[in-house]
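The values are calculated or read from the model by the stated rules, or taken from the named source; none is laboratory data. Bear in mind that the values here come from a model prediction, so they are computed numbers and not experimental data. Here the Cβ positions follow ideal geometry from the backbone for every residue, glycine too, while neighbour counts run over all protein chains shown.
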Amino acid sequence: MPQHDSGELWYTGVEATSDTSHSAFSLGLSNAYHHTRFFFRGAWNYNYAYTFQPYIYFENNSSGSWDTAASYNLAMAYGSGSNNWIWGTNRDAYGRGPLINCHSAGTASWSPNIITWCEGTIWNHNAADKATSITYRAAVQNDSNQAGDGTYSDPRFCWGWINYREACITTSMFWGYSGINMVQGSRLDFVGVDLG
Amino acid sequence: MSTSDGFKLHGSTIVTNDTTTWIGMPLYDAGVFYCTVATHADDTGSADYGYGWLNAKLYSAADGWATGATQYEFQQIYSAGNAATAYNNITAGMFKYMAVANQHSTVDEHQWGLTRIEYRNMDDSNFTFIADEFSSANDTNVIPSGRSVPYGKIDGHPPYEWIGRGGGTCETANKPTWIYFYINGVSITNYAPGSMISQMYMDFS
């Protein structure tokens, strides 16, 4: 395939350097880009048999704090085996991201089949007259290596969106869960969509 | 991670007036459309809906418009409630519901329908796309007449916002060179100003 100039450029990322270094990732959104693609891989360092979602907050135009007002809507489709469901919320004080699996033993037994992969788009974050939204799709594996009650062993899929309803330039994003760390190697990257 | 996924910027079309009904984009060998669109606030719309949509048709100088009833196939899983529904259309002579639009006659004007569409356009004349990032959120928090929960709460009952993903193909005699996105919906005729469709692309030769 021939090489081209790129319209999509990596501009920042963060990685958990140990099993206790990060309960959340906080990354600045570059105002140079209208949209940002994001890529997440990782798992919770937590003894729990199920998946759960990271909390997501945005910073409103360099305010210096996360917006925890009733500013978040979301919708998610998820499933396991032959089952699938749709779920949503309206005007919560936080957004919630994709299902992320838990891992109680850190990297000692972290294998490629028990991380979550998620990619998506953070839309219109540099437009003051448009709300910022996330769209995403993700795959989650949760296998017999899981601790906890061991009742859940199906891989899951999920996809959906999170809407931060404020009309503002959005300058940072929080992705995490207070008090629960991500395993070493968990990572979040931002790739700018250059619209010229 | 690589610093590039290889896509090159084509550019954006941004609606600046009150009368735009379609947006055209050239087609390359491969590409991605980022669609941020809404229907015009002056359109009547429907009080029961917070959304409209984009239909799309393909064109080439060699073939003219692709409008045959058997040329397009479109499949989608979507929901405006608490369960997914499968939809397909293979007879419309166009891609119906290719992207979602917010309806600005009922939804706050800073809320926009979002669809990311990735396509491949083959020399043997088969255009194929997937649209697997899709959102039509709004924050009106208004409970429409006769309903029990507000617009924007997706696990209640319609009319709410949309979640969906899908894809489609179009078979033509010659490789299509343009795609036209038409705003549509119940009593909808025009794009809202500020609607924007951007394209990244790759050429393989």
Collect the residues in segment A:168-196 that are modelled with pLDDT under 95 and within 11 Å of chain B (Cβ to nearest Cβ), keeping them in residue-number order.
A:V191, A:G192, A:V193, A:D194, A:L195, A:G196
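Please pick out the residue among B:I163, B:I143 that is crowded, with 21+ Cβ neighbours inside 10 Å, farther than 20 Å from B:M25 by Cβ, modelled with pLDDT under 95 and β-branched (V, I, T). Walk me through it before giving the result.
On the way: B:I143 fails: crowded, with 21+ Cβ neighbours inside 10 Å.
After applying the criteria, what remains is B:I163.
One residue is enough: does segment B:60-83 have a residue meeting the conditions in a loop (DSSP other than H, G, I, E, B), without any contact (Cβ under 8 Å) to a residue 40 or more places away in the chain and within 10 Å of another protein chain (Cβ to nearest Cβ)?
Scanning segment B:60-83, I find at least one residue that is in a loop (DSSP other than H, G, I, E, B), without any contact (Cβ under 8 Å) to a residue 40 or more places away in the chain and within 10 Å of another protein chain (Cβ to nearest Cβ), so the answer is yes.
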Looking at A:Y72, A:Y55, which is the one that is away from chain B (no Cβ under 12 Å) and either under 23 Å from A:L188 (Cα atoms) or at pLDDT 90 or above (or both)?
A:Y55
Going through segment B:90-122 in order, the residues found to be under 13 Å from the mean Cα position of the chain (by Cα), in a loop (DSSP other than H, G, I, E, B) and within 14 Å of another protein chain (Cβ to nearest Cβ) are B:W112
Given (1) more than 13 Å from every other protein chain (Cβ to nearest Cβ); (2) crowded, with 22+ Cβ neighbours inside 10 Å, identify the lone condition not met by A:Y48.
(2)
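Each row is one residue, and each column tells you yes or no for (1) modelled with pLDDT under 95; (2) more than 12 Å from A:D194 (Cβ to Cβ); (3) of a type in the set (S, T, N, Q); (4) part of a loop (DSSP other than H, G, I, E, B).
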position	(1), (2), (3), (4)
A:L9	yes, no, no, no
A:S18	yes, yes, yes, yes
A:F25	no, yes, no, no
A:R41	yes, yes, no, no
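In the set B:Q103, B:Q75, B:Q111, B:Q71, which member is among the polar types (S, T, N, Q) and touching a Ser or Thr at 6+ places or on another chain (Cβ under 6 Å)? Don't jump to the end; show me each part of the working.
Details: B:Q75 fails: touching a Ser or Thr at 6+ places or on another chain (Cβ under 6 Å); B:Q111 fails: touching a Ser or Thr at 6+ places or on another chain (Cβ under 6 Å); B:Q71 fails: touching a Ser or Thr at 6+ places or on another chain (Cβ under 6 Å).
Sole residue among the options that is among the polar types (S, T, N, Q) and touching a Ser or Thr at 6+ places or on another chain (Cβ under 6 Å): B:Q103.
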Report yes if some residue within segment B:170-177 is within 14 Å of chain A (Cβ to nearest Cβ) and assigned to a loop (DSSP other than H, G, I, E, B); otherwise report no.
no
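Just for segment B:31-59: of the residues that are of a type in the set (A, V, I, L, M) and farther than 15 Å from B:Q111 by Cβ, which one is nearest to the other protein chains (Cβ to nearest Cβ)? So that I can check it myself, show each step before the final result.
First pass over segment B:31-59, keeping only residues of a type in the set (A, V, I, L, M): B:32, B:37-38, B:41, B:47, B:54, B:56, B:58.
Next, only the ones that are farther than 15 Å from B:Q111 by Cβ stay: B:32, B:47, B:54, B:56, B:58.
Details: B:V32: 9, B:A47: 19, B:L54: 16, B:A56: 19, B:L58: 23 Å.
Residue satisfying both the conditions and the ranking: B:V32.
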Restricting attention to segment B:28-59, report how many residues are within 27 Å of B:K8 (Cβ to Cβ) and not in a strand (DSSP E or B).
2
